[in-house]
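I have placed the structure first, in the form of C-alpha cells, so that the comments after it can refer back to it.
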Amino acid sequence: MGVTNIAPVVSKIYCCSSQTTLMVRRRPRMVNGGGFVVMNANQNVVFKVDGCGILGIKGELILRDGDGAPILLIHKKGGVVQALSAHNLWNSYVMDYEEPSKLVFSLREPKSRLLRNGSIKISTDTNGRNKDWGFEVKGSFIKRACTINDRRGNVVAQVGLMEMMANKDFYHVVVQPGYDQAFVIGVIAILDNIHGESTRC
C-alpha cells in the first residue's frame, strides 16, 4: 500500500512492487578489469558496475543495465575544497545518450577511520547543497552485514552473505518493494570502491 508513494531516485523503471533479491558477483581484476555483476533470481544479469580496472580512471564508476547501456556515472569529487573537507563526496549522474546529464544523489564518505564507524549519509537534494540527507548506510559492508535506510529508519535494502557460501565475492542484496534498485546498486558500487574492493585501482 505504501509502495506507490516512494519517489524513485534514478527512475521508476528500476522499482519493483515486490521484494527483490539480487545476487552480486565480483569480477576478478586480472580477467576483465574487476567491477561486479548483479543477477536476479533467474540468473539473468540486470546490472553491471565498471570501475578503474576497465575505465582506467581512479574514483570513477559506471553503473550499466544488463545489456551494457550506461545508467549512472559515479564520480568522486576532487579539488582543494574537497581535500580540506572531513568527507569525500561522491556524486552520481544519470547518463543520457552516453553523457552525464543530471545529478541524482550524493554520498558523503567520512575520511577519518573514527568517523567511519558511524553511518554514511546519502543526499538526493540535487541543488548541490548536500546538507539534507534522505538515506544512510548502517553496519559493515566489509562483513556484508549492512543496510541502506531511509530518513524515517525504514530499511530500503539489506546486504548479506549468501547462505551456504562463506565467500565475500558472492553476496545478496534484498531490496524492499517500491525502492529504486539502480540507486541501491549505485550506493553499493561506491561502498565497494571505498573499501578497496573490485572497483578500486
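At a glance:
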read-out: Residue 125 accessible area, assembled protein chains, probe 1.4 Å, Å²; value: 30
read-out: Among (1) 1.14; (2) 0.93; (3) 1.29, the entry derived from the coordinates for Rg/Rh (Cα atoms, Kirkwood Rh); value: (2)
read-out: ³J(HN,Hα) computed for each position of the range 184-201 - Karplus, 6.51 cos²θ - 1.76 cosθ + 1.60, integer Hz, glycine/proline x; value: 4, 5, x, 5, 5, 4, 5, 4, 4, 5, 4, 8, x, 9, 5, 8, 7, 5
read-out: Under-14-angstrom lysine pairs by C-alpha in the chain, whenever the two are 8 or more apart or on separate chains; value: 8
read-out: Cut-off under 5 Å, modelled amide H: who pairs with residue 105 long-range; value: 92
read-out: For the range 20-195, accessible area per residue (1.4 Å probe, heavy atoms of protein chains only), Å²; value: 49
read-out: 5 angstrom amide H check on residue 146, placed H, neighbours 5+ away; value: 140, 159
read-out: Sites residue 40 and residue 99, calculated FRET efficiency, Cβ-Cβ separation with R0 35 Å, nearest 0.05; value: 0.80
read-out: 3J(HN,Hα) from dihedral phi, the range 92-100, Karplus parametrisation 6.51/-1.76/1.60, rounded to Hz, x for glycine, proline; value: 10, 10, 5, 9, 10, 6, 6, 10, x
read-out: Percentage relative contact order, the chain, counting C-alpha pairs under 8 Å, at least six apart; value: 24
read-out: Carbon and sulfur %, accessible surface of the range 20-195 computed with the full protein complex present, 1.4 Å; value: 51
read-out: Nonlocal amide H pairs with residue 46, under 5 Å, H built at 1.01 Å; value: 38, 39, 40
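The values are calculated or read from the model by the stated rules, or taken from the named source; none is laboratory data. Quantities reported herein were computed from a predicted structural model and do not represent experimental measurements. Note: ideal-geometry Cβ built from the backbone for every residue, glycine included; neighbour counts use all protein chains shown. We work out accessible area using only protein heavy atoms, side chains counted, and drop any ligands, DNA or RNA first. Shrake-Rupley method; radii C 1.70, N 1.55, O 1.52, S 1.80 Å.
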